[in-house]
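The values are calculated or read from the model by the stated rules, or taken from the named source; none is laboratory data. Keep in mind it's a predicted model, so treat the numbers as computed, not measured. Counting neighbours? That spans all protein chains shown, and the Cβs are built from the backbone with ideal geometry, glycine included. All accessible areas refer to the heavy atoms of the entire protein, side chains included, with ligands and DNA or RNA removed. Shrake-Rupley method; radii C 1.70, N 1.55, O 1.52, S 1.80 Å.
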Amino acid sequence: MKFFVDTADVDEIRDLAATGMVDGVTTNPSLVAKSGRDFMDVLKEICDIVPGPVSAEVTATEHETMLAEGRKLAEVAPNVTIKVPMTWDGLKTCKVLSGAGTQVNVTLCFSANQALLAAKAGATFISPFVGRLDDIGHDGMELISEIRTIYDNYPALVTQILVASIRTPMHLKQAALIGADVSTLPPDVLRKLAHHTLTDKGLAAFLADWQKTGQNIL
Ligand code: G3P
């Protein structure tokens, strides 16, 4: 499974990229607003840090303007993936951009049928939002299973399932068990994946015993 990091915080991305766990980055208008920085500057910096796909979202809602925005964002770096919302205008834009060889991420997906449409429009990635479905009492992971089944039923559909709106390490584990292609993780969730209380406890015991030997490796 590929790990993307879901943030526009360049310092966080640089720090996490050094772990070798960051295969790509996703941003959205809310994350850019949270960074308080100029979108184009941030995008360029992220693309310089991470060689994998970096999602940058259009903000227009009408096809022609979305297309113009997508083309402008794609010029920033070769690894920019254009993110479009799951609307008919977004799907039209996805079809044109993907037909011209630009990677496209269709975002704000909340149903299996939406994922099927995005794949038919040539999306490189579909982003189902699991946390937001859980928030309203639905089962976000059930949607991931449905999309996995549908895409596997039709091998011509090569769109990658990019699980978004992940809130907990449990979401990540479930997505991996289902066989999602990518998970985009908030930095704090990515950091939590390495943590286990028994690891901490075991390490403390090893170090205490080692100290008793009076030895040093270096
Ligand atoms: O990638 C989309 C993601 O950022 C949405 O997450 O937590 O705002 O639902 P959340």
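Go through the range 25-50 and report how many residues are within 15 Å of the ligand (Cβ to nearest atom), out of contact with any strand residue (DSSP E or B) (no Cβ under 7 Å at 6 or more places or on another chain) and under 11 Å from residue 77 (Cα atoms).
Of the residues in the range 25-50, 0 are within 15 Å of the ligand (Cβ to nearest atom), out of contact with any strand residue (DSSP E or B) (no Cβ under 7 Å at 6 or more places or on another chain) and under 11 Å from residue 77 (Cα atoms).
Being crowded, with 19+ Cβ neighbours inside 10 Å and in a loop (DSSP other than H, G, I, E, B) is the filter here; which residues of the range 103-121 pass it?
The answer is 103, 121.
Please determine, by comparing only the residues of the range 5-24 that are within 12 Å of the ligand (Cβ to nearest atom) and in a loop (DSSP other than H, G, I, E, B), which one is farthest from residue 181 (Cα to Cα).
Residues of the range 5-24 that are within 12 Å of the ligand (Cβ to nearest atom), as a first pass: 5-8, 24.
Now narrow it down to the ones that are in a loop (DSSP other than H, G, I, E, B): 7-8.
Numbers: 7: 19, 8: 22 Å.
The extreme case among them is 8.
State all residues of the range 166-200 that are crowded, with 21+ Cβ neighbours inside 10 Å, in a loop (DSSP other than H, G, I, E, B) and within 12 Å of the ligand (Cβ to nearest atom); if no residue qualifies, say none.
Once the filter is applied, which keeps residues that are crowded, with 21+ Cβ neighbours inside 10 Å, in a loop (DSSP other than H, G, I, E, B) and within 12 Å of the ligand (Cβ to nearest atom), the range 166-200 yields only 166.
Provide a single number: the residues in the range 51-75 that are more than 16 Å from the ligand (Cβ to nearest atom), in a loop (DSSP other than H, G, I, E, B) and closer than 12 Å to residue 102 by Cβ.
1
Quick check: anything in the range 59-67 open to solvent by less than 60 Å² (accessible area, probe 1.4 Å), modelled with pLDDT of 95 or more and closer than 27 Å to residue 10 by Cβ?
Quick first cut of the range 59-67, residues open to solvent by less than 60 Å² (accessible area, probe 1.4 Å) only: 60, 63, 66-67.
Going one step further and asking which of them are modelled with pLDDT of 95 or more, we end up with 60, 63, 66-67.
From the residues that got through so far, the ones that are closer than 27 Å to residue 10 by Cβ too are 60, 66.
Looking through the range 59-67, at least one residue is open to solvent by less than 60 Å² (accessible area, probe 1.4 Å), modelled with pLDDT of 95 or more and closer than 27 Å to residue 10 by Cβ.
Being farther than 10 Å from residue 187 by Cα and touching a residue at least 24 places away in the same chain (Cβ under 8 Å) is the filter here; which residues of the range 1-14 pass it? So that I can check it myself, show each step before the final result.
In the first step, residues of the range 1-14 are kept if they are farther than 10 Å from residue 187 by Cα; the result is 1-3, 8, 10-11, 14.
Across the range 1-14, the qualifying residues are 1, 2, 3, 8, 10, 14.
May I ask you to list the residues in the range 123-138 that are surrounded by 18 or more Cβ atoms within 10 Å (Cβ to Cβ) and either more than 16 Å from the ligand (Cβ to nearest atom) or not in a helix (DSSP H, G or I) (or both)?
Step one: list which residues in the range 123-138 are surrounded by 18 or more Cβ atoms within 10 Å (Cβ to Cβ), which gives 123-130, 133.
Selection gives 123, 124, 125, 126, 127, 128, 129.
Say whether the condition of being closer than 22 Å to residue 193 by Cα, at pLDDT 95 or above and part of a strand (DSSP E or B) is met by at least one residue in the range 25-44.
yes
So residue 83 passes all but one of these: (1) charged (D, E, K, R); (2) buried (at least 20 other Cβ atoms within 10 Å of the Cβ); (3) more than 22 Å from residue 182 (Cβ to Cβ). Which condition number does it fail?
Every listed condition holds for residue 83 apart from (3).
In the range 76-102, what count of residues is obtained for those that are among the hydrophobic types (A, V, I, L, M, F, W, C), part of a helix (DSSP H, G or I) and under 27 Å from residue 49 (Cβ atoms)?
Counting residues in the range 76-102 that are among the hydrophobic types (A, V, I, L, M, F, W, C), part of a helix (DSSP H, G or I) and under 27 Å from residue 49 (Cβ atoms) gives 2.
So, of the residues in the range 139-165 that are part of a helix (DSSP H, G or I) and open to solvent by less than 30 Å² (accessible area, probe 1.4 Å), which turns out to be nearest to the ligand (Cβ to nearest atom)?
We begin by selecting, within the range 139-165, every residue part of a helix (DSSP H, G or I); these are 140-153.
Now narrow it down to the ones that are open to solvent by less than 30 Å² (accessible area, probe 1.4 Å): 140-141, 143-144, 147, 151.
Working: 140: 10, 141: 14, 143: 14, 144: 14, 147: 16, 151: 19 Å.
My answer is 140.
Any chance the range 85-97 includes a residue that's of a type in the set (S, T, N, Q) and touching a His at 6+ places or on another chain (Cβ under 6 Å)?
yes
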